[in-house]
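Reading through the structure tokens given below for one structure.
FYI, it's all coordinate maths here, none of it is from the lab. Everything numeric here is computed off the predicted structure, so don't read it as measured data. Counting neighbours? That spans all protein chains shown, and the Cβs are built from the backbone with ideal geometry, glycine included.
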Amino acid sequence: MTGTPPAGPGELDLDEIVRLICLADVPAFVGQSGGGTATIYAGHPYIDEHGDERMTGCAGPGWFLPNPQTGRPWAYGRGSLADFYIGPESDDPVALSAEEIGITTEAEAAAVIVAQAIRRRPLTLAEARDARDAATGLR
């Protein structure tokens, strides 16, 4: 645990997911992707066919909780299992949902994001489920 408030039922702790991704030697961070939306960016940047910089792994959407001690507005990232997607950073709808992959834990989400981050192409559902099943190595 990262010392952040625990995630509620049906929620994912995005900061814990990032910690686990980094343990797998894949760079990752929780960023604000617009309108206060929390998004995990992972892997390495590349230039897409339009000349835009993108990340090989992207997951979200999520939201931020404020830090009650400091009042910092965007201190802790959270996501909902019912509305959480993993894929490459892209304008195309190529991401897979946590529900269809069968993700239930931060370790499973991290394992799938790691698998996505080492590729430039979207994962197939079978590849995502294989990565989820390998999550025991990220605890």
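Using only the Cα atoms of region 11-138, what are the Rg and Dmax in Å?
13.8, 44
I'd like the distance between the alpha-carbon centres of region 17-52 and region 68-139, rounded to an integer number of Å.
11
Just rank HIS50, HIS44, fewest to most, by other beta-carbon atoms within 10 angstrom.
On the way: HIS50 7, HIS44 12.
Arranged by neighbour count, lowest to highest, HIS50, HIS44 become HIS50, HIS44.
Multiply the residue gap between ASP92 and TYR46 by 0.36 nm, knock off their C-alpha separation, and tell me the result in nm, one decimal place. Don't skip to the end; give the middle numbers.
Details: separation 46, 0.36 × 46 = 16.56 nm, distance 1.59 nm.
Contour length minus Cα-Cα distance gives 15.0 nm.
Using Cβ counts within 10 Å as a stand-in for footprinting exposure, how do THR104, THR56 rank, fewest first?
THR104, THR56
Using DSSP H assignments, which helices in the chain have an axial alpha-carbon span of 15 Å or above and a mean Kyte-Doolittle hydropathy of 1.0 or higher?
Long hydrophobic helices here: 106-117.
Just order 63-70, 75-82 by mean Cβ neighbour count inside 10 Å, highest at the front, would you?
Going from most to least packed, we get 75-82, 63-70.
Rounded to the nearest 0.05, what FRET efficiency do PHE29 and LEU125 give with R0 = 22 Å and r taken as the Cβ-Cβ distance? Could you check? Could you put the intermediate results ahead of the total?
Values: r = 26 Å, r/R0 = 1.20.
The formula returns an efficiency of 0.25 here.
What's the exposure ranking of CYS22, CYS58, going from fewest to most Cβ atoms within 10 Å?
CYS22, CYS58
What length, rounded to one decimal in nm, is gained on full extension from ALA134 through to LEU65, with 0.36 nm per residue of separation minus their alpha-carbon distance?
Full extension of this stretch gives 21.9 nm more.
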